[in-house]
Every structure is written in structure tokens, then in C-alpha cells.
Amino acid sequence: MQLEQRDSYPEKLLNAKPNELHQILPQPTLFHLSGKISKPLFISVLQHGNEPTGFLALQALLKKYHSLGLPRSLSFFLGNTLAAGRGHRHLENQPDFNRIWPGTELPASPESQIAAEIVAIMEQKSPFASIDIHNNTGLNPHYACINKLENRFIYLASLFSRLIVHFTRPKGVQSDAFAKFCPAVTLECGKPGQKYGVEHALDFVDTCLHLSELKDQPISSKNIDLFHTVARVKVKENIDFSFHKQASLMLNNDLEWMNFTEIPAGTKLGKVEQQNTLPLTAKNEQGLDVSDNFFSINNFELQIKRQTMPSMLTLNEQIIRQDCLCYLMERISL
Ligand SMILES: [Zn+2]
């Protein structure tokens, strides 16, 4: 597997479906298109093969400027096209593409090699900003994530949503690698297949192409809702869980309505068969187990122990296994 670089894209790209991309571009390809302002905007899409919104927005952007010429140079990378071919987050034999970037804790792989190469090439080009576009499976509002609490990052994120999440874990994410040399955001554009998600992402990237600078001024807390991730919650590997049938952990099937809602202590998440062992592990950003700070079992019911705000809760059992059950967050003020 070798990274290819191109300064134009094949016409076919403009009308291709996400599941056809690996046929059009069998090699991982980094595109550099030149525009009026030379400092490029960087966009990555499809890092997760079942999250097509970013690619559809990019496609619409390329169509829009096909004959007009771009207002600013644009570099882009079409993440995991093989997984997109099958509509999966990643294939069984692949790492999660948004965990392989410099700073990763995963073992070196051909994929992490490519990611490191892209970062090295883009750092040389001193990008204006970096945007990585995702979907999620639960009911979540649109929001932007940043890995640094700096004015330009917050300003960039606020152009997408007043809801901003700061996190430093998991490691190896694209936005964190780019944050070392330019303002970087990850966009979460709701569930796949929603037209509004594509329009919102397109509006945002189009705005970024036209900006001459990113303000390095403090943003008033009145204009944003800023949260910090305090824990990532996984179901323990040896625990079987279900939303529908008898299992060691039976999760309530209305969980995703709690996303981005501050939920009080005592909120019930489901039922357990074992009274004495937590079926979940919550790890904080330092990787420490903080499960007992957040969860308890009372009378075979799994409960939240203190007020918190979950995000990314999903009913998709495969995603819960491959990624996590949810993140827990706390509000921060600047
Ligand atoms: Zn994703």
C-alpha cells in the first residue's frame, strides 16, 4: 500500500457513490487542488466507512467549484474507502482509521504509516485549518470537537455549532495530529443519510474556504456551550448485553434520548444479572478506571451515580462493541 498524490481528481469522483470509491481509487490518495489563496484547507472524510456525509459534502463542494475555481487551495483524503465499499466502520482486519494518526497508541501498521505520511506532507504545506467529518449512530445534535482549548480552535468550531466538545482521548485521532500545526476540528453531523447533515457540512467547509483568517480572540461563553469529555464508557468484553433479550446486561432501549442532556444521579440505564460487578468500565482521559465514580448497582439496576451529560449513546450493538457505549461530559467555562 503506497500513498499516491494527485493535483486533480478523476471526473468520476463527482458522481461516485461512497461504495464505488475503492474501484475508482484503489490506492490511498491525497489530493491537492489549487485555489486563489494558496494556504490550503485540509479535509478528511470517510475515516469510518459507514459515515458518508463528509464525502457527500466534499463532492457537492467539488461540483460547486468545478468550473469556477476554488477560493482557497484544498487538500483532501478519502479515508477508508475499502470499508466504505461494504458500509462498515472498518473491516475486521483493519484498525479504526481514526485511531492511527501520529500520537496513536496502536501498534504500527501500513495504515498508520500512510497517516504519518499525510501529516508530514500537510505540515510542510502549513494548512489554514483541518476538518475531519463524521456521522454517528445515536440521536445526537450536530457538534464540533476540538483537542486544544485555544481561541482559533474554538472560533473554528463555533462556526459549525454552538455545541463544542473538547477531548484528549482516544489518542491517534486525525484532529489531534493536525492540531500540532493548525486549527483542527472534527465535525459530528448526526446520523448518515440525512440531507441536512450534508448541507450543514457543505456550508461549513464552504465558509472555511472563504475565510481570510481565524480570529485569535476569546469567544464569549454566551455564544457557545463547551463541554469536556470526562470518561469513555465501554461494556466489559466478557459481558453479553442486549436491548431486547435476556443478557447479563439489559440496557434500556430509550438510552439515546439522553444524549447531550444533563442527567441526574440515580438515572437508570438498565438491569443486570450480577449484583456485585459493574458490567461497564469508564476510563478518564488519563486512562484511569473511574467506573465507580459514575456507576452503581442498586437492586439489580445499573444507575448513574452523579450528574453527568452523555453523548454518542447508540442502540447499535456493533458500534457499542467496536467503539464504545458512550462518552460522559462536563460543562466548562472559559
Ligand atoms: Zn466516525
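Every number in this text was worked out from the coordinates using simple rules, so none of it is lab data. Note that the structure is predicted; figures quoted are calculated from it, not measured. Every residue, glycine as well, gets a Cβ built from its backbone with ideal geometry; the counts of neighbours run over all protein chains shown.
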Order the peptides 197-208, 58-69 from the highest to the lowest mean number of other Cβ atoms within 10 Å of their residues. 197-208, 58-69
Give me the net charge for the shell around Ser175: Cβ to Cβ below 10 angstrom, other residues only, Lys and Arg +1, Asp and Glu -1. -1
With labels modelled as points extended 7 Å from the Cα through the Cβ direction, what inter-label distance (nm, one decimal) is found for Glu123 paired with Thr267? 4.0
Convert each backbone phi in region 166-177 into a coupling constant with the Karplus relation 6.51 cos²θ - 1.76 cosθ + 1.60 (shift: θ = phi - 60°), then list the ³J(HN,Hα) values in order as whole Hz, x for Gly and Pro. 9, 8, 10, 9, x, 7, x, 8, 4, 5, 6, 5
In sequence order, calculated HN-Hα J values of region 99-115 (Karplus, 6.51, -1.76, 1.60; Hz; x Gly/Pro): 9, 10, 7, x, x, 5, 9, 7, x, 4, 8, x, 5, 5, 4, 4, 4
Compute the Kirkwood hydrodynamic radius of the chain, taking the inverse of the mean of 1/r over all pairs of distinct Cα atoms, and give it in Å to one decimal. 20.7
Of region 169-211, those with amide N under 18 Å from the point 7 Å along the Cα→Cβ vector of Gln318 are 191-194
HN-Hα couplings for region 15-26 via Karplus (6.51, -1.76, 1.60; θ = phi - 60°), in whole Hz with x for Gly/Pro, come out as 10, 6, 8, x, 7, 9, 4, 5, 7, 6, 10, x
Rank by packing, highest mean first: peptides 209-222, 183-196, with packing defined as the count of other Cβ atoms within 10 Å averaged across residues. 183-196, 209-222
Under 5 Å, built H, 5+ apart or other chain: amide partners of Ala184: Ser130
Using 0.36 nm per residue of separation minus the Cα-Cα distance, give me the extension gain between Asp7 and Lys148 in nm, one decimal. 47.7 nm
Counting only DSSP beta bridges with both residues in the chain, tell me the antiparallel percent, nearest 5. 55
Taking a quarter of the surface of the Cα convex hull of region 210-334, what do you get in nm²? 10.1
Counting pairs of alpha carbon atoms under 8 Å apart in space and at least six apart in sequence, what relative contact order in percent does the chain give? 16
Return the FRET efficiency for the residue pair Ile297, Lys63: r is the Cβ-Cβ distance, R0 is 51 Å, and the value is rounded to the nearest 0.05. 0.45
